[in-house]
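The values are calculated or read from the model by the stated rules, or taken from the named source; none is laboratory data. Here the structure is a predicted model, which means the values were calculated and not measured. Glycine gets a Cβ as well: all are built from the backbone with ideal geometry, and neighbour counts include every protein chain shown. Surface accessibility is based on the protein's heavy atoms, side chains included, excluding ligands, DNA and RNA. Shrake-Rupley method; radii C 1.70, N 1.55, O 1.52, S 1.80 Å.
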Amino acid sequence: MNTPPLSAEQEALFRLIEDTREHVFVTGRAGTGKSTLLQHLAWNTSKQIAVCAPTGVAALNVEGQTIHSLFRLPIGLIADTEIDQSDPTRKILNAIDTLVIDEISMVNADLMDGMDRALRQARGRRAEPFGGVQVVMFGDPYQLAPVPPRGDELRYIQDHYRSFWFFDAKVWAGGEASDGILDVGRHGAELHIRELVDIHRQADDAFKAMLNAVRHGVVTAEIAGMLNGAGARTPPDDPESPIITLATRNDIVNSINRRHLTALAGREQTANAEISGDFGRGEAGYPADAELKLKVGAQVMFLRNDTGAFGEPHRWVNGTIGTVTRIAGGTVRVDVDGHEFDVEPAVWERFRYAYDPGSKKLTREIVAEFTQFPLRLAWAVTIHKSQGKTYDRAVIDLGSGAFAPGQTYVALSRLTSIDGLYLSRPLRPSDIRVDPDVQRFMRGRAAPVQPRIGAG
């Protein structure tokens, strides 16, 4: 696979991961290239790695497997329940040199400790954190949080953990229970936090500083005034190039998209996805719409990078906005900035790791496929689904208010510059939310990446 070249700090961090056995948490602001580094690691490491993520869609994005399916862990709270392991699962876990976890901020403390316990058990090395496996994690806790526990699960977490975040798992050195008592002995892995700082999405230093203030929840009246002043403009009424709206809720997004699609002249056509194998249940785990409804003139967003000829520049990337100009012959023609491209259905593959006794190595086998045009209606998209995307301009609609920490930061940081910002209403102090556990954990802990002495 032809991966993008690494920056100096990305290369230094790759060498740290590749040349040591250290447990590393790779973090950084939006647009610093965490995904680029993960992709490079997956394709260029000499180690036996397994890549996983907490959700089906996140696992698809990194061509890995969900945590629960890789480890065969029960859904819900794991706590001190017995972990049943089949022989194939033990063989897979024994073959791993390095475990790579994407979107780590969505992993709760109980699941983190469950992975630790499963690896110790499978590898017969109960005194070593993660059974001797190197753990490399990618994510930004300022953007995505784990689903908060409820009921009995919440009471268990409160009794046993300082918080439900992954970094408060007992496996980490200094991991402590809610009563402040350290659980020493079989625990105590050292977590090395490395923060990528070079932002590739925005070039304007002033806008970068504003985004950083939103990320850390330290927005001054002056910064708020600049953001609200820039966003108070009326979006240009250009039917040829309408602006995408980033909204907090699915119902708002669906209403906007349906209204615009209905208003277009012409016949509505539906592309049905082809789904084979075990692709999970429900559309929440699908990478695209199972039923994609389109008309000529529809504004759409690409859902994955162009896989064009080797060495050729990408014609579009994940998040590119375009307009449908033709639907015929099994293709959808999309205009992107005055250039028209015929888009064909794409195949998303769901992988599962297996152990090959002949080579004594991990292999990846395809267990399911999802085939659909890599497009989604894009007059509006939820802030959550805009994660990882880049837009030149967007209307940010926070409705009655941001309801999750980091939501406003995710929305604002999708933009390449403040010139593309349009706000449906002014930002309020209550929209700037940062989880206090994240502030406590990250304060003074994240070190910028330094080149390793003598690293090649």
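A few points about this structure:
- Extreme residue, nearest to Glu369 (Cα to Cα), among residues of region 236-253 that are in contact (Cβ under 8 Å) with a residue 60 or more places away in the chain and either part of a loop (DSSP other than H, G, I, E, B) or among the polar types (S, T, N, Q) (or both): Asn250
- Positions within region 192-246 being β-branched (Val, Ile, Thr), surrounded by fewer than 15 Cβ atoms within 10 Å (Cβ to Cβ) and farther than 14 Å from Val395 by Cα, in sequence order: Val197, Val218, Thr220
Quick grid of which residues meet (1) farther than 15 Å from Phe373 by Cβ; (2) touching a helix residue (DSSP H, G or I) at 6+ places or on another chain (Cβ under 7 Å); (3) β-branched (Val, Ile, Thr); (4) open to solvent by less than 40 Å² (accessible area, probe 1.4 Å):
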residue	(1), (2), (3), (4)
Val317	yes, no, yes, no
Gly322	no, no, no, yes
Arg326	no, no, no, no
Asp337	yes, no, no, no
Val347	no, no, yes, no
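- Near pairs, Cβ below 9 angstrom, 6+ apart or cross-chain, from region 105-131 (more than 17 Å from Glu22 (Cβ to Cβ)) to any residue that is hydroxyl-bearing (Ser, Thr, Tyr) and not in a loop (DSSP other than H, G, I, E, B): Ser105/Thr27; Asp110/Tyr156; Ala118/Thr89; Ala122/Thr89
- Hits in region 386-400 - residues which are farther than 18 Å from Ile432 by Cβ, open to solvent by 20 Å² or more (accessible area, probe 1.4 Å) and assigned to a strand (DSSP E or B): Val395
- Picking from residues in region 33-79 that are β-branched (Val, Ile, Thr) and under 11 Å from the mean Cα position of the chain (by Cα), the one that is least open to solvent (accessible area, probe 1.4 Å) is Val62.
- Within region 406-433, the set of residues being open to solvent by 10 Å² or more (accessible area, probe 1.4 Å) and among the aliphatic types (A, V, I, L, M) comprises Ile418, Leu423, Leu427, Ile432.
- Region 150-159, subset in a helix (DSSP H, G or I) and either without any contact (Cβ under 8 Å) to a residue 40 or more places away in the chain or among the charged types (D, E, K, R) (or both), residue nearest to Pro436 (Cα to Cα): Gln158
- Flag if Arg333 is basic (Lys, Arg), open to solvent by 20 Å² or more (accessible area, probe 1.4 Å) and touching a Ser or Thr at 6+ places or on another chain (Cβ under 7 Å): yes
- Neighbours by Cβ (under 7 Å, 6+ apart or cross-chain): first from region 371-397, more than 14 Å from Leu303 (Cα to Cα) and of a type in the set (Lys, Arg); second open to solvent by 10 Å² or more (accessible area, probe 1.4 Å) and at pLDDT below 95: Arg393/Ile243
- Of the residues examined, Asn228 is one that is closer than 30 Å to Arg440 by Cα and in contact with a Leu (Cβ under 6 Å, 6 or more places away or on another chain).
- Close pairs from region 66-82: first farther than 19 Å from Lys170 by Cα, partner aromatic (Phe, Trp, Tyr) and modelled with pLDDT under 95, Cβ under 7 Å, at least 6 apart: Leu70/Tyr353
- Residue within region 301-308 that is free of Cβ contacts under 8 Å to residues at least 40 places away in the same chain, within 30 Å of Asp397 (Cβ to Cβ) and out of contact with any Phe, Trp or Tyr (no Cβ under 6 Å at 6 or more places or on another chain) present: yes
- Odd one out for Ala265 among (1) at pLDDT 90 or above; (2) open to solvent by less than 70 Å² (accessible area, probe 1.4 Å); (3) out of contact with any Pro (no Cβ under 9 Å at 6 or more places or on another chain): (2)
- Of all the criteria given as (1) surrounded by fewer than 20 Cβ atoms within 10 Å (Cβ to Cβ); (2) under 23 Å from Val57 (Cα atoms), the one not satisfied by Thr98 is (1).
- Residue among Gln387, Gln372 that is among the polar types (S, T, N, Q) and under 28 Å from Thr98 (Cβ atoms): Gln387
- From Ala354, Ala284, Ala309, residue being assigned to a loop (DSSP other than H, G, I, E, B) and either at pLDDT 95 or above or hydrophobic (A, V, I, L, M, F, W, C) (or both): Ala309
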